[in-house]
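> Please find one structure pasted underneath; my questions will follow.
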Amino acid sequence: MTYFYPIIERFAFLGFKCVELPPDPFLRDYERLRDLVQYAGEKGVEIVFSCGFPKDCDMASDDCAVRENGIRYMHQILEMMERADICLLGGTFYTKWPSYRVETLPMTEKRRIFERTALCFKNAVKEIRGSSIILTIEPLNRFEGYLINTAEEGVRFCKIVENPNVGLMLDGFHMSVEENSIQEAILTAGKYLRHLHLAENNRRLPGVGKFHWEEYFSALKDIGYSGRFDIEAFTTPGGSVAASVALWRELEEGMNLEKENEMLLQSIDFIETKCRFYNILGE
């Protein structure tokens, strides 16, 4: 069992105002989540959720029973979020993660799965309409998912769902793989863009790579973005998540806790400087 208190303590000390956690560890232990949310609040840190669904709860599955499991699983998470006053869930909760596919996928078949999944998801989240809970769907690169890869596909999914509490989260790494233009992707997302994952083109910490940051922040200003700026970067292999994102080498040499903290502070400064320059008032 992961002990989350040191994580909250560390990131509060570094100046982070938000920490993303997976909902699964708390589904059978609401009191644990309640206490953690209270502790984080005292440290000035908001807890939000981020996840993909397990294989047996995949709302993109051809198996109706599995899709029904996904609806029930979503209901469990939403109920827990409401009780704990957690207002944001981001990720790939419309399907399993990672969602590797090696079979041929004709576009007619993809459209059929896409529309069926969107309608299933629409049914799963209809009760949050008008609530304080926001769900942000994350387009993934082709190696982690096949259903929603671009901002355009994400917007199309949201339009089928037709719920003002459902929007998009764009991740800089996935955008680097899939989008023809970072700027156009953000402009396409427009009003649907409710959350961000910041990372370099190779998933390093923001500010040390070749990502098109000027296009990125300029487009955010153009659409009037005012949501959160969350860093999601991976630098060292090890653990199940690193395996799922195919991280098989150290992206930073000699990484240790002290060096990572120093680089995180530099990334925060990089993001805040860009926001000030482009006059973006994020959360």
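The values are calculated or read from the model by the stated rules, or taken from the named source; none is laboratory data. Given the structure is predicted, the values throughout are model-derived calculations rather than measurements. Positions of Cβ are generated from backbone atoms using ideal geometry, with glycine treated the same way; all protein chains shown enter the neighbour counts. For the accessible areas, the whole protein counts, side chains as well, though only heavy atoms, and no ligand, DNA or RNA atoms are used. Shrake-Rupley method; radii C 1.70, N 1.55, O 1.52, S 1.80 Å.
> Tell me yes or no: at least one residue of the range 195-202 is in contact with a His (Cβ under 7 Å, 6 or more places away or on another chain), crowded, with 18+ Cβ neighbours inside 10 Å, in a loop (DSSP other than H, G, I, E, B) and among the acidic types (Asp, Glu).
Within the range 195-202, none of the residues are in contact with a His (Cβ under 7 Å, 6 or more places away or on another chain), crowded, with 18+ Cβ neighbours inside 10 Å, in a loop (DSSP other than H, G, I, E, B) and among the acidic types (Asp, Glu).
> Which condition number in (1) touching a Lys or Arg at 6+ places or on another chain (Cβ under 9 Å); (2) open to solvent by 20 Å² or more (accessible area, probe 1.4 Å); (3) over 16 Å from residue 149 (Cβ atoms) is the one that residue 65 fails?
It fails just one condition, (1).
> Going by the conditions given, is residue 104 part of a loop (DSSP other than H, G, I, E, B), free of Cβ contacts under 8 Å to residues at least 40 places away in the same chain and open to solvent by 70 Å² or more (accessible area, probe 1.4 Å)?
Values: part of a loop (DSSP other than H, G, I, E, B): yes; free of Cβ contacts under 8 Å to residues at least 40 places away in the same chain: yes; open to solvent by 70 Å² or more (accessible area, probe 1.4 Å): yes.
When the stated conditions are applied, residue 104 passes them.
> Shifting gears a bit: Hey, residue 98 hits all of (1) loosely packed, with under 14 Cβ neighbours inside 10 Å; (2) at pLDDT below 95; (3) not in a helix (DSSP H, G or I) but one; which does it fall short on?
(1) is the only condition that residue 98 fails.
> Here's another thing I want to ask about it. So if I check each of 47, 77, which one is touching a Pro at 6+ places or on another chain (Cβ under 9 Å) and surrounded by 21 or more Cβ atoms within 10 Å (Cβ to Cβ)?
Only one candidate passes the filter, namely 77.
> To continue, here is another question. Yes or no: the range 73-88 includes at least one residue that is in a helix (DSSP H, G or I), hydroxyl-bearing (Ser, Thr, Tyr) and either within 19 Å of the chain's Cα centre (by Cα) or modelled with pLDDT of 95 or more (or both).
Taking the range 73-88 and keeping what is in a helix (DSSP H, G or I), we get 73-84.
The next check asks that each one be hydroxyl-bearing (Ser, Thr, Tyr); those that pass are 73.
In the following step, the residues that additionally are either within 19 Å of the chain's Cα centre (by Cα) or modelled with pLDDT of 95 or more (or both) were identified as 73.
Yes, the range 73-88 contains a residue that is in a helix (DSSP H, G or I), hydroxyl-bearing (Ser, Thr, Tyr) and either within 19 Å of the chain's Cα centre (by Cα) or modelled with pLDDT of 95 or more (or both).
> Looking only at the range 156-173, decide whether some residue is farther than 30 Å from residue 127 by Cα and not aromatic (Phe, Trp, Tyr).
Within the range 156-173, one or more residues are farther than 30 Å from residue 127 by Cα and not aromatic (Phe, Trp, Tyr).
Yes or no, residue by residue, for (1) part of a loop (DSSP other than H, G, I, E, B); (2) in contact (Cβ under 8 Å) with a residue 12 or more places away in the chain; (3) touching a strand residue (DSSP E or B) at 6+ places or on another chain (Cβ under 7 Å):
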| residue | (1), (2), (3) |
| --- | --- |
| 119 | no, yes, no |
| 122 | no, yes, no |
| 127 | no, yes, no |
| 130 | yes, yes, no |
| 141 | yes, yes, no |
| 154 | no, yes, yes |
| 159 | no, no, no |
| 163 | yes, yes, no |
| 169 | no, yes, yes |
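> Next up: Looking at the range 219-241, which of the residues that are part of a helix (DSSP H, G or I) and touching a helix residue (DSSP H, G or I) at 6+ places or on another chain (Cβ under 7 Å) is surrounded by the most Cβ atoms within 10 Å (Cβ to Cβ)?
220
> Follow-up. Being buried (at least 24 other Cβ atoms within 10 Å of the Cβ), touching a His at 6+ places or on another chain (Cβ under 6 Å) and not aromatic (Phe, Trp, Tyr): is that true of residue 140 here?
yes
> Now for a different question. Could you grab the pairs with beta carbons closer than 9 Å, sequence gap of 6+ or different chains, first residue in the range 264-277 and surrounded by 17 or more Cβ atoms within 10 Å (Cβ to Cβ), second one of a type in the set (Asp, Glu)?
Short answer, once both residue conditions are applied: 274/214.
> Is at least one residue of the range 99-115 farther than 29 Å from residue 30 by Cα and touching a helix residue (DSSP H, G or I) at 6+ places or on another chain (Cβ under 8 Å)? Break it down stepwise before answering.
Filtering the range 99-115 down to residues farther than 29 Å from residue 30 by Cα leaves 100-115.
Adding the requirement that they be touching a helix residue (DSSP H, G or I) at 6+ places or on another chain (Cβ under 8 Å) leaves 114-115.
Within the range 99-115, one or more residues are farther than 29 Å from residue 30 by Cα and touching a helix residue (DSSP H, G or I) at 6+ places or on another chain (Cβ under 8 Å).
> What tally of residues in the range 12-49 results from selecting those that are within 24 Å of residue 119 (Cβ to Cβ) and either modelled with pLDDT under 95 or assigned to a strand (DSSP E or B) (or both)?
The number of residues fulfilling the criteria is 1.
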